[in-house]
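Student: I'd like to ask some things about the structure below.
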Amino acid sequence: MPVEEVSEDNGLHVALIMDGNGRWATLRKFPRIYGHKMGIEAVRKVIEAAPRNKIGMLTLYAFSSDNWKRPPEEVTHLFSLLKSYLRQEVDSFVEKGIRLVFIGRRDRIAEGLRAEIEAAEQKTRYGEALIVRIALDYSGREQILMALADLPCATPEALSFALSGVGKDWPVDLLIRTSGEQRLSDFLLWECAYAEFYFSPIHWPDFDGKALGEAVGAYLQRDRRFGSIKT
Ligand code: IPE
Ligand code: IPE
Ligand code: MG
């Protein structure tokens with residue numbers, strides 16, 4: 001099935017590299033962790049705005065496997081923010097029909113948080129209004145290697161299904177990175193084969209529904225050709 005058909009059936013798949021929490025905080029003379037806390041508010045706004053922007057799947061880069069290189073206090077704080085976020089949001093996700101799925105490694109996540117992640121996935125599993133995937137301890141290269149090791153027959157379709165975590169071939173339509181950086185940082189390498197890229201100068205804590213709408217608006221002006229030409 002051509003890539004564009006898969007995407008349009010289900011809504012857009014938008015992937016977000018939520019960058020700039022630390023710089024946002026430093027600019028305001030706050031500790032970096034305050035930037036992460038405020039970043040959670042931006043996550044709320046973006047999830048709320050996703051359905052009216054034709055988004056069916058939102059993949060959020062929350063913690064890369066390379067982020068383990070950060071100071072342990074920052075790492076601990078990030079995981080505790082995630083834990084309280086899950087506790088606060090899961091019931092409202094169920095109400096709103098939002099399905100929550102985690103991608104990335106789980107074996108290095110503390111047992112307590114891992115149990116909450118699995119419970120959140122279970123509770124929200126029938127959600128059909130929007131799929132929110134959270135990439136945690138995530139490395140695109142490693143995910144590809146691990147999926148290939150488990151596949152009896154490595155076809156592009158089989159690999160796409162295995163990587164999606166939702167049993168669907170759903171490539172990224174639009175990749176947004178905030179805070180002015182213009183790189184992938186090992187995110188969704190396979191899934192971004194034909195993604196449109198949008199780089200915003202806004203630091204993540206200041207990103208909101210309006211900024212998301214502008215990014216989707218820019219995407220809708222793009223001419224996606226998938227290697228073909230107009231006939
Ligand atoms: C993104 O913000 C959040 C994570 C990577 C967890 P950063 O923490 O990377 O913020 P900057 O890039 O240092 O400003
Ligand atoms: C990428 O941001 C990871 C997340 C947003 C979770 P980083 O801030 O870690 O990426 P680099 O180090 O600038 O490439
Ligand atoms: Mg960063």
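Student: Name the residues in the stretch 155-174 that are closer than 19 Å to PHE197 by Cα and among the hydrophobic types (A, V, I, L, M, F, W, C), would you?
Tutor: Of the residues in the stretch 155-174, the ones closer than 19 Å to PHE197 by Cα are 170-174.
Hits for the stretch 155-174 are TRP170, VAL172, LEU174.
Student: Now, a different point. For ARG177, are the conditions met, namely being among the basic types (Lys, Arg) and touching a residue at least 40 places away in the same chain (Cβ under 8 Å)? Explain how you work it out, then say what you get.
Tutor: Values: among the basic types (Lys, Arg): yes; touching a residue at least 40 places away in the same chain (Cβ under 8 Å): yes.
Spelling it out, ARG177 is indeed among the basic types (Lys, Arg) and touching a residue at least 40 places away in the same chain (Cβ under 8 Å).
Student: Looking for something among the aliphatic types (A, V, I, L, M) and within 15 Å of the chain's Cα centre (by Cα) - is there at least one such residue anywhere in the stretch 123-131? If you could, list the steps in order and put the result at the bottom.
Tutor: Step one: list which residues in the stretch 123-131 are among the aliphatic types (A, V, I, L, M), which gives 129-131.
Still in the list and also within 15 Å of the chain's Cα centre (by Cα): 130-131.
Taking every residue of the stretch 123-131 in turn, at least one turns out to be among the aliphatic types (A, V, I, L, M) and within 15 Å of the chain's Cα centre (by Cα).
Student: Next up: So which helices (runs of 4 or more DSSP H) stay within the stretch 114-231 end to end and still have 2 or more residues that are open to solvent by 20 Å² or more (accessible area, probe 1.4 Å), within 16 Å of ligand 2 (Cβ to nearest atom) and on the phi < 0 side of the Ramachandran plot? Steps first, please.
Tutor: On the way: elements: 140-150, 156-164, 209-221.
Because the criterion is at least 2 residues that are open to solvent by 20 Å² or more (accessible area, probe 1.4 Å), within 16 Å of ligand 2 (Cβ to nearest atom) and on the phi < 0 side of the Ramachandran plot, the helices (runs of 4 or more DSSP H) in the stretch 114-231 that meet it are 140-150.
Yes/no matrix, rows are residues, columns are (1) farther than 26 Å from TYR126 by Cα; (2) open to solvent by less than 20 Å² (accessible area, probe 1.4 Å); (3) within 16 Å of ligand 1 (Cβ to nearest atom):
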| residue | (1), (2), (3) |
| --- | --- |
| ARG32 | yes, no, yes |
| ARG44 | no, no, yes |
| GLU74 | yes, yes, yes |
| GLU95 | no, no, no |
| GLY112 | no, no, no |
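Student: Mind telling me which of the residues SER164, SER139, SER179 ends up being modelled with pLDDT of 95 or more and farther than 30 Å from LEU27 by Cα?
Tutor: Result of the check over SER164, SER139, SER179: SER164.
Student: Give the residue, chosen from ARG23, ARG70, ARG28, ARG32, that is without any contact (Cβ under 8 Å) to a residue 24 or more places away in the chain, within 16 Å of ligand 2 (Cβ to nearest atom) and more than 15 Å from the chain's Cα centre (by Cα).
Tutor: Working: ARG23 fails: without any contact (Cβ under 8 Å) to a residue 24 or more places away in the chain; ARG28 fails: within 16 Å of ligand 2 (Cβ to nearest atom); ARG32 fails: without any contact (Cβ under 8 Å) to a residue 24 or more places away in the chain.
Of the residues listed, the single one that is without any contact (Cβ under 8 Å) to a residue 24 or more places away in the chain, within 16 Å of ligand 2 (Cβ to nearest atom) and more than 15 Å from the chain's Cα centre (by Cα) is ARG70.
Student: Before we move on, is LEU60 in contact (Cβ under 8 Å) with a residue 40 or more places away in the chain, within 16 Å of ligand 3 (Cβ to nearest atom), part of a strand (DSSP E or B) and in contact with a strand residue (DSSP E or B) (Cβ under 7 Å, 6 or more places away or on another chain)? Can you show your working first?
Tutor: Working: in contact (Cβ under 8 Å) with a residue 40 or more places away in the chain: yes; within 16 Å of ligand 3 (Cβ to nearest atom): yes; part of a strand (DSSP E or B): yes; in contact with a strand residue (DSSP E or B) (Cβ under 7 Å, 6 or more places away or on another chain): yes.
So LEU60 passes the test.
Student: Is it true that some residue in the stretch 95-107 is assigned to a helix (DSSP H, G or I) and closer than 22 Å to ARG44 by Cβ? First the steps, then the outcome.
Tutor: Kept after step one, since they are assigned to a helix (DSSP H, G or I), are these residues of the stretch 95-107: 95-96.
Add one more test, that the residue is closer than 22 Å to ARG44 by Cβ, and what stays is 95-96.
Within the stretch 95-107 (the criterion being assigned to a helix (DSSP H, G or I) and closer than 22 Å to ARG44 by Cβ), the answer is yes, since at least one residue qualifies.
Student: Sort out which residues of the stretch 46-67 are within 11 Å of ligand 1 (Cβ to nearest atom) and open to solvent by 10 Å² or more (accessible area, probe 1.4 Å), and write them in order of number. Give the derivation first.
Tutor: Here is the first cut: in the stretch 46-67, the ones within 11 Å of ligand 1 (Cβ to nearest atom) are 60-64, 66-67.
Within the stretch 46-67, TYR61, ALA62, SER64, ASP66, ASN67 meet the criteria.
The values are calculated or read from the model by the stated rules, or taken from the named source; none is laboratory data. Note that this is a predicted model, so its numbers are computed, not measured. Glycine gets a Cβ as well: all are built from the backbone with ideal geometry, and neighbour counts include every protein chain shown. Please note that ligands, DNA and RNA were not included when accessible areas were found on the heavy atoms of the full protein model with its side chains. Shrake-Rupley method; radii C 1.70, N 1.55, O 1.52, S 1.80 Å.
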